[in-house]
Structure formats: C-alpha cells, structure tokens
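Before any comments, here is the structure.
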Amino acid sequence: MKTTFLRPVLDLDATGVKIKTLMKQRGISPRQMQLILNFPYVQTIYNWFAGKNMPTLDNLVVLARVLGVAMDDIIVTRMVEVDIAGGDCRMILSA
C-alpha cells in the first residue's frame, strides 16, 4: 500500500514575483492596482510582491481578469511528499 502523497503548497515568494512580473508586463503600477482593488493602502500590493501574504480569493479573481490570465497562472505552488504512515513531510519537486 502506498504510504506517500504529493500535496501542493503555496509558494508565497514565487507568487509575489509572478504578480509583480505580470503587472509590469501589462503596464499596471502598484498604485493603479490599489485603486482597481479599492485598497486603502498600496502597501498591500507590495506585501504580495514580498511574499508576506497572498491575495484573497475575491482579489485573485479581479487580478486574473485585470492581468488577462487564469488564476492558476498567478499562483505558484511547490509539491511536498507527505508520508501518511509516518507523518514526515519533505519537498520533492516544484510546479
């Protein structure tokens, strides 16, 4: 019986870099995105860039639409192997 399972884990840093890159490619500044998303502070966008946090699902929907990509094209994940018999977890590959 198989005792390992591959589980995706969000890569906050890589996702932040991806958001920043997509915004730059589309010519959208952090300030413009702040206004589009109706945020009180532009720091929220910079926190995404730095991998400090992720956009919420509703903001991710807007981001994808504004950037002209699918939500899956914004989010970066890494796969970890979980040993469901022993409880161990280790990173084995990236997606």
I want to confirm something. Restricting to the stretch 41-76 and keeping residues that are assigned to a helix (DSSP H, G or I) and within 10 Å of the chain's Cα centre (by Cα), which single residue is surrounded by the most Cβ atoms within 10 Å (Cβ to Cβ)? Trp48
When the stretch 55-71 is examined, which residues are found to be closer than 24 Å to Pro8 by Cβ and either of a type in the set (Val, Ile, Thr) or modelled with pLDDT under 95 (or both)? Thr56, Val61, Val62, Val69
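Results for (1) assigned to a helix (DSSP H, G or I); (2) modelled with pLDDT of 95 or more; (3) surrounded by fewer than 13 Cβ atoms within 10 Å (Cβ to Cβ), shown as yes or no for each residue.
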residue	(1), (2), (3)
Met1	no, no, yes
Gln25	yes, yes, yes
Phe39	no, yes, no
Arg78	no, no, no
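The values are calculated or read from the model by the stated rules, or taken from the named source; none is laboratory data. All figures in this text were calculated on a predicted structure; none of them were measured in a lab. Glycine gets a Cβ as well: all are built from the backbone with ideal geometry, and neighbour counts include every protein chain shown.
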